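Heads up: the structure comes next, in structure tokens.
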2 protein chains.
Amino acid sequence: MKKKMKIIIVGATGTMGKHLSSAFEQEHEVVRAASEGGDIQVDITSTESIEKMFKQVGAFDALICTAGPTFVGPWKKLNDNEFRKGIEGKLMGQINLVLIGQHYINPKGSFSLITGALTHEPQLNFANASAANGAVEGFVRAAAIELENSIRINAVSPTVIENSPQYFDFFPGDIPVTMKQLEYGFRKSIFGANTGQIIKPH
Amino acid sequence: MKKKMKIIIVGATGTMGKHLSSAFEQEHEVVRAASEGGDIQVDITSTESIEKMFKQVGAFDALICTAGPTFVGPWKKLNDNEFRKGIEGKLMGQINLVLIGQHYINPKGSFSLITGALTHEPQLNFANASAANGAVEGFVRAAAIELENSIRINAVSPTVIENSPQYFDFFPGDIPVTMKQLEYGFRKSIFGANTGQIIKPH
């Protein structure tokens, strides 16, 4: 019989988080974390807020993060200040979830972060996301050889997702990833045995 | 006849920078930039300092960066605070050199940043560098499709370098890259026509 897991989903009120929460709560205990709403509030740009969340939730088996704010906009507007949106959000936000969360996660637990095809397939207006993704992917590979107690870490890297048609024009030629494909990517990360992998759900 | 270029080398007083400065000044005008010493001082963690450097140097044809401070040390010591060393140094430092330098570089000029094999081949103690490298590489690919006036951008990604034997034990099995190989990597970036490439000089 499959073990019932306690799964924290950070970004649970977003497009991806909602689908994953509904999918995984069929068989597992899901803790919905989000900046607003959900079961528990967390600001991933604050280490204090992250620490507080883990203290409140207690021991858990898996953490999914689908929250990754970055600056989207014209290259000409991109400066140090705008770049910080992705640095503090998708990059340090996710890395701090792991650096802090490793002290609360159960042995054999897993972290599943979110990156995206932009790491290797850039698109105009998304340089901040390409950089944040690249950092998270490099970190995932490095953390995989450092984490103890058989704790695993992977990233799921979709192209544009089907539920975000407002982005389709920015990703010419990209076949949108379905919510089901995305879910399968996270299933591979959480219920499989791999670590340090960048999982493409397409 | 090959055009004489004005080449800024950031990190010119370091191991790599010294070799590259000596090599390129045979045929080009080299401006040695460093945190201390050199022809001009620059603190790449400060946008004001970067802006000031470009104002003083004026128009140029190529910028090489070999400066990339990151946190090296045990995973257990790695927290948000230590992680910032690579975020502000190797990551934002290099990205800001490009975001600001694009307004001073001549048409057809080039940026050549430094990353490293750790992006895809992690080693214990170097998670901060893996993340910083990954970010810079993602940024290089994205910037390549954004930069105007035929300005190019690449990264050179060596393994451990021969002049840094103090690091050999951290990179088991890595054949050290010679200074000459490293130089050839930068030659490919500066004098070739490629853009958005991660050049492995080994």
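The values are calculated or read from the model by the stated rules, or taken from the named source; none is laboratory data. Quantities reported herein were computed from a predicted structural model and do not represent experimental measurements. In this analysis, Cβ positions are derived from the backbone assuming ideal geometry, glycine residues included, and neighbour counts consider all displayed protein chains. Only protein heavy atoms, including side chains, enter the accessible area calculation; ligands, DNA and RNA are left aside. Shrake-Rupley method; radii C 1.70, N 1.55, O 1.52, S 1.80 Å.
For segment B:83-94, the count of residues that are more than 14 Å from every other protein chain (Cβ to nearest Cβ) and either within 18 Å of the chain's Cα centre (by Cα) or open to solvent by less than 30 Å² (accessible area, probe 1.4 Å) (or both) is zero. All conditions in (1) part of a helix (DSSP H, G or I); (2) out of contact with any Asp or Glu (no Cβ under 8 Å at 6 or more places or on another chain); (3) within 14 Å of chain A (Cβ to nearest Cβ); (4) not charged (D, E, K, R) hold for B:Ser49, with the sole exception of (2). Does A:Tyr167 satisfy the condition of being touching a helix residue (DSSP H, G or I) at 6+ places or on another chain (Cβ under 6 Å), more than 18 Å from A:Ile199 (Cβ to Cβ) and of a type in the set (Phe, Trp, Tyr)? No. Could you please find all residues in segment A:170-190 being hydrophobic (A, V, I, L, M, F, W, C) and more than 16 Å from the chain's Cα centre (by Cα)? The answer is A:Phe170, A:Phe171, A:Ile175.
Within segment B:153-171, the set of residues being open to solvent by 30 Å² or more (accessible area, probe 1.4 Å), outside any loop (DSSP other than H, G, I, E, B) and not hydroxyl-bearing (Ser, Thr, Tyr) comprises B:Pro165, B:Gln166, B:Phe168, B:Asp169, B:Phe170.
Say we look at segment B:172-202 and pick out the residues that are part of a loop (DSSP other than H, G, I, E, B) and open to solvent by less than 20 Å² (accessible area, probe 1.4 Å); which of these is nearest to B:Phe111 (Cα to Cα)? If we take residues in segment B:172-202 being part of a loop (DSSP other than H, G, I, E, B) and open to solvent by less than 20 Å² (accessible area, probe 1.4 Å), then B:Gly196 is nearest to B:Phe111 (Cα to Cα). Just one residue in the set A:Leu78, A:Leu97, A:Leu63 is within 13 Å of chain B (Cβ to nearest Cβ) and within 15 Å of the chain's Cα centre (by Cα); that residue is A:Leu97.
Just so you know, in segment A:2-36 the residues that are without any contact (Cβ under 8 Å) to a residue 40 or more places away in the chain and in a strand (DSSP E or B) include one that is farthest from A:Phe191 (Cα to Cα), and it is A:Ala34.
Go through the residues of segment A:104-125 one by one and say whether even a single one is farther than 22 Å from A:Ser157 by Cβ, in contact (Cβ under 8 Å) with a residue 40 or more places away in the chain and within 11 Å of another protein chain (Cβ to nearest Cβ). There is no residue in segment A:104-125 that is farther than 22 Å from A:Ser157 by Cβ, in contact (Cβ under 8 Å) with a residue 40 or more places away in the chain and within 11 Å of another protein chain (Cβ to nearest Cβ).
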